[in-house]
Structures are given as structure tokens and as C-alpha cells.
1. Report, to the nearest whole %, how much of the accessible area of region 7-72 belongs to carbon and sulfur atoms, 1.4 Å probe, protein only.
2. I'd like to check one number: the per residue accessible area of the chain, probe 1.4 Å, reported in Å² as a whole number.
3. When N is the residue count of the chain, what does its C-alpha Rg come to as a fraction of 2.2 N^0.38 Å?
Amino acid sequence: PMPLPQAELVRSSLQLYRYLLRCCRRLPPGPVQQHYRHAIRQSFKVHADEDDPERIQQIIKRAIEDADWVMNK
């Protein structure tokens, strides 16, 4: 499947969170979907106190690349 078209619109951590959860809905229901939803939540908790805008953009870029990889697997 193609990456979701909203990927280039993701600018903030909240937009990224929503984008990744939308990606999850396209995965097969069950343990795989639950695993990635949990991983997304944990990642957001870990990076919640990040305040460097450049670092946040790096995290967003990497998360979208990872999501595309998972969706194409």
C-alpha cells in the first residue's frame, strides 16, 4: 500500500500521532495492530518533553519513514 497522502502535511507531534494511528488502522486487526498502537503511545511518552524544534522534525521524519516501511512490509 502507498503511504497515506497526509504524510507531507505532518508538522507537529500531535499531527504525527494522529497520522501514525491512522496508519495502524490499515494494518490487519489483532496482535500486529495492537503492537504498533502500543509502540506509538510509548514513543510519544518517551519524547513528550522534547523541546528542540530541529530534533522534533528529525523524529517526525524518522517516524514517517518507519511507518512507510511497516505499511509496505
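The values are calculated or read from the model by the stated rules, or taken from the named source; none is laboratory data. This is a predicted model, so every value here is computed, not measured. The area values use the complete protein model at the heavy-atom level, side chains included, leaving out ligands, DNA and RNA. Shrake-Rupley method; radii C 1.70, N 1.55, O 1.52, S 1.80 Å.
1. Values: 2550 of 4750 Å².
Exposed carbon and sulfur together represent 54 percent of the surface.
2. Solvent-accessible surface per residue comes out at 74 Å².
3. 1.06
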